[in-house]
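Here the structure comes first, spelled out in structure tokens, and everything after it is commentary.
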Amino acid sequence: MSLPQLRNMVLCAEAGAMIMPAMPAFYQPAAKTLDDLADFMAGKSSLALGFEHTLYPAWTGQVGP
């Protein structure tokens with residue numbers, strides 16, 4: 001992200017906005033399709049709004065099986 005983008009996000013956050021860039025997380029299960037990435041972002045948005053979903057498994061903090 002560029003410096004102007006970051007400054008604008010800070011201004012928005014200071015005004016009370018929730019900042020949620022559309023970026024897949026490193027802990028996301030291996031995405032195989034663009035639909036998997038879209039489901040991840042839809043799920044993150046749903047959680048931010050207080051809705052539960054089943055679009056991808058929740059992060060448990062465990063690495064491996």
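The numbers here are math on the coordinates, done by the rules we state, and not lab data. Every value quoted in this text rests on a predicted model; they were computed, and no experiment measured them. Note: ideal-geometry Cβ built from the backbone for every residue, glycine included; neighbour counts use all protein chains shown.
Brief remarks on what is shown
- Remark: the A25-L11 segment gains 2.6 nm on full extension, using 0.36 nm per residue and subtracting the alpha carbon distance.
- Top positive-direction residue, dipole computed over the chain with Cβ charges, set C12, A48, T33: C12
- Helical runs assigned H by DSSP (4 residues or longer) give the chain a calculated mean residue ellipticity at 222 nm of -13500 deg cm²/dmol, each run adding -39500 (n - 2.57) before division by the residue total.
- With Cα atoms, 0 to 90° folded angle of helix 34-48 axis to the chain main axis: 60
- Against the chain, whose longest principal axis comes from its Cα atoms, helix 3-14 is set at around 90 degrees.
- Stokes-Einstein diffusion coefficient of the chain, Kirkwood radius over Cα pairs, 4 °C, 1.567 mPa s, in µm²/s: 94
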